1. Taking the solvent-accessible surface of protein heavy atoms with a 1.4 Å probe, what is the per residue accessible area of segment 96-144 in Å²?
2. Which shape class, rounded, prolate or oblate, goes with segment 28-127 when its Cα gyration tensor gives a ≥ b ≥ c as root eigenvalues, a/c under 1.5 marks rounded, and past that a/b bigger than b/c marks prolate?
3. Which order do the peptides 53-62, 102-111, 34-43, 87-96 come out in when sorted by mean C-beta neighbours inside 10 angstrom, highest first?
4. Give the carbon-plus-sulfur fraction of the accessible surface of segment 7-109 in %, rounded to a whole number; probe 1.4 Å, heavy atoms of protein chains only.
Amino acid sequence: MEPETSLNLTFILIFLLVNLVVGVLCADNYHRDDFPVDFVFGSGTSAYQVEGAANEDGRTPSIWDTFAHAVYGYGENGDIACDGYQKYKEDVQLMVETGLEAYRFSISWSRLIPNGRGPVNPKGLQYYNNLINELISKGVEMSKASNYFLTYKPKI
């Protein structure tokens, strides 16, 4: 190898290592002041990802339940998920401790209106009411997102 090529490769290697070290050391140095005043830090989830409690309190199978329990789910499903149905207060507290200001969530329509039509499931309604009240009490802004894949599964 010629001395000039060896020097070029050494320079490139040192340059890459310095960039890597600087990148790692500076990665966690963002502060709230680095963002515009009206910037809102938040997160979002889908009901299927977090709620779990697939067979509790009147919830019926959704389209996603059917899909995940079929061959397409590869043995994975949302029956338990993160168990947000039981742990919503802990989840909201984690949002507060993390510094989140907003939370976007979806509603499992198969929990709220289990048959797709007809009466609202009181326990499903109570869950969403409790979640919303917890978010309000902790000062977390919320928005609801409709997720049409979490609709009830028609009986054929």
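1. Values: 2710 Å² over 49 residues.
Accessible area per residue: 55 Å².
2. Values: a/c = 2.59, a/b = 1.86, b/c = 1.39.
Judged from the Cα gyration tensor, segment 28-127 comes out prolate (a/c at least 1.5, a/b above b/c).
3. Working: 53-62: 18.0, 102-111: 21.9, 34-43: 9.7, 87-96: 16.1.
Result, highest mean Cβ count within 10 Å first: 102-111, 53-62, 87-96, 34-43.
4. On the way: 4630 of 7120 Å².
Ligands and nucleic acids excluded, carbon and sulfur give 65 percent.
The values are calculated or read from the model by the stated rules, or taken from the named source; none is laboratory data. Quick caveat, the model's predicted, so the values are computed rather than measured. Neighbour counts run over all protein chains shown; Cβ positions are idealised from the backbone, glycine included. Quick note on the areas: whole protein, heavy atoms, side chains included, nothing else; ligands and nucleic acids left out. Shrake-Rupley method; radii C 1.70, N 1.55, O 1.52, S 1.80 Å.
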